[in-house]
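These notes concern the structure reproduced below.
The values are calculated or read from the model by the stated rules, or taken from the named source; none is laboratory data. As the structure is a prediction and not an experimental result, all values here were calculated from the model. Reconstructed Cβ throughout: ideal geometry from the backbone, glycine too, with neighbour counts over all protein chains shown.
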Amino acid sequence: MKTKGANLRSNITKNLTIVGLVSLLLTSFAVSIIFWFLTSGQLRDDVKTYIELLRVDCNEMPSYDELDKRSESSYRITVIAPDGSVLYENNRSLHREKMDNHSDRPEFIQAKSSGTGISSRYSSETGELRYYYAVRLDNGDILRVSANIYGVLSMFNSILPAILVIGAAIILICFFLAKRMSEHITKPIENMAKNTEGAVYDELLPFSNTIEKQREQIWRKDEELLAENEKIKTITENMEEGLIFLDADGRVIMHNGSAQKIVHTRRNSTLDSVELPDIERERFLECVERARGGKNSFCEIDIGDKNFQILANPVFVNRAQTGVVCLIVDVTHHRSVEKMKQEFTANVSHELKTPLTSISGYAEIIESGIASAEDVKKFSGRIHKESKRLVALIEDIIKLSRLEEEASDSSRFTTIDLSDILEECADSLEMNAKSNGITIEVSSEKCKIRGEREMIYELIYNLCDNAIRYNKRGGVVHLKTEPDNGMLRLTVEDTGIGIPPEHLGRVFERFYRVDKSRSKQTGGTGLGLAIVKHIAERHGAEIDIRSEFGKGTTVNVYFEQA
């Protein structure tokens, strides 16, 4: 027993001493690094300050020889001509006439091009590691000051003996403290050999109590495992994703309700029994077989009008494969979103390309000089028109993107009066309407809703602008609000060209146009109604559109009253 106690005590002492030694070494290393950066940074600041003072003197002195009176022995001062030849050198051991051309020095190159240059390198003349700082004088010459970096190292070396002495003292203190601590820890254990009833540590209670505690712990762990199993079962059964566990033989040992509903799995049977179309079933089984072969795999299958992604991964225990876990994820919505993004990207590219092509074509004709003065004026007008169309398109794309990306925040809603916004929109579009021979009529009483005023203005403006854009000369646009079954109905009605029935369900799609030629003539971007739809959804409003081809269109937006 004494031998075991001695071994324990020596191990504790040794380990605590090692911890102290490692801590000391790491601290010393960190302090050394910090000291190096601080002193080298101070050196750079001193050189920079000194050279700034010298630059003022050099710009005023008639001859660089006067630098002999103002130079310090700790700094090397050099003046270099723009061609790299040395004009002045305060180091008397170096002969200026015999010195190399300095045009290839990095600090010279930087100072010549940008006004200042910095580098740290070995000097070919002195054989020392030096820090160089160069500035360009008013006459184009380069003033360079350098300092010996070894000076920093020598400063560090001067305090190194003191660091070593302090370190040795700390190691001795750590050793004695570790020895004292190990004695304090092991002494009660040694006393237990003489008096078993005098146990100091709970871990050394009699075996009967220890076994009883272990039994209680095992019982509690068993209860915890049962509770965890119930949690896992509840979670897996409520997952929308299908989850399947297979054993090493490929038999289903566990599956949740979603998996059974999607692929019709059966417990204790292989996946050969899944009910899928032949091609999809073969693809599914190949994916699982790759996982049984030890490789992560995935595939996609189509079941009816839904798309599913299969993720199959091998399960290893102690480096031996014990089965496969298979996850079935419904990616139908994701695929739909991806398709919409692709269509949106293609439409944006097309819509941007059209005005850009026109602008480029007209600009090329003007640039070639073959156009007459009258044509130049006409082409410039068309370029201006296409540019405005391009700007409007980009602004609508940005608006739509923000509406799609930003989550609805009701905290920004305020109480707003729709009648005021109707009057404001009518005033804003009055000139546009008159130029097209169209009359705007507003019929609205005070009616309040909760929402973001700028967005509601954008919604009404776009609907009214569309009603003007697709109206007939001499037509009318009616703007009105009125209660309707507990809701507040906003109506924008026109006497325009109307919408054919086959197009009515698609007018809120991005870039969808019923009459593309008319839209191009009126400058429409094809995004106005898509923006209207998103704003309505953010405010919990519903949109109803009715139209009779050749007679006009009515758009109703239903808001909750404030």
(request) Working only within the stretch 250-272, note down all residues that are part of a helix (DSSP H, G or I), without any contact (Cβ under 8 Å) to a residue 60 or more places away in the chain and in contact with a helix residue (DSSP H, G or I) (Cβ under 9 Å, 6 or more places away or on another chain). (result) GLY257, LEU271, ASP272
(message) Need the failing condition index for ASN296 against (1) free of Cβ contacts under 8 Å to residues at least 24 places away in the same chain; (2) within 18 Å of ASN256 (Cα to Cα), just the number.
(response) (2)
(message) Which of the numbered conditions does HIS102 fail, given that it passes all the others? Conditions: (1) over 47 Å from the mean Cα position of the chain (by Cα); (2) more than 20 Å from ASP46 (Cα to Cα); (3) modelled with pLDDT under 85.
(response) (1)
(request) Could you tell me whether PHE308 is modelled with pLDDT of 75 or more and closer than 21 Å to ARG283 by Cβ? (result) yes
(request) Just give me the residues in the stretch 486-507 being at pLDDT below 85, out of contact with any Leu (no Cβ under 7 Å at 6 or more places or on another chain) and under 30 Å from ASP417 (Cβ atoms), in sequence order. (result) GLY486
(request) Select from the stretch 76-94 the residues that are in contact with a strand residue (DSSP E or B) (Cβ under 8 Å, 6 or more places away or on another chain) and either of a type outside the set (Val, Ile, Thr) or more than 21 Å from VAL47 (Cβ to Cβ) (or both) and list them in ascending order. (result) ARG76, ALA81, PRO82, LEU87, TYR88, GLU89, ASN90, ASN91
(message) Which pairs turn up if I take residues in the stretch 308-324 that are in the same structural domain as LEU285 (by TED's automatic domain parsing) and in contact (Cβ under 8 Å) with a residue 40 or more places away in the chain and look for partners that are among the basic types (Lys, Arg) and crowded, with 16+ Cβ neighbours inside 10 Å with beta carbon separation below 6 Å, at least 6 apart in sequence or on another chain?
(response) VAL324/ARG292
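Please go through the stretch 419-461 and pick out each residue that is more than 44 Å from the chain's Cα centre (by Cα) and among the basic types (Lys, Arg).
The initial filter retains those residues of the stretch 419-461 that are more than 44 Å from the chain's Cα centre (by Cα), namely 430-431, 433-446.
LYS434, LYS446 - these are the residues of the stretch 419-461 that are more than 44 Å from the chain's Cα centre (by Cα) and among the basic types (Lys, Arg).
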(request) Might you check whether a residue that is more than 48 Å from the chain's Cα centre (by Cα), among the small types (Gly, Ala, Ser), assigned to a helix (DSSP H, G or I) and at pLDDT below 75 occurs anywhere in the stretch 167-175? (result) no
(request) Among what's in the stretch 331-353 and is surrounded by 14 or more Cβ atoms within 10 Å (Cβ to Cβ) and not in a loop (DSSP other than H, G, I, E, B), pick the residue that is modelled with the highest pLDDT. (result) THR332
(request) Taking ARG510 as meeting all but one of (1) farther than 28 Å from GLU454 by Cβ; (2) surrounded by 20 or more Cβ atoms within 10 Å (Cβ to Cβ); (3) at pLDDT below 80; (4) not aromatic (Phe, Trp, Tyr), write down the number of the exception. (result) (1)
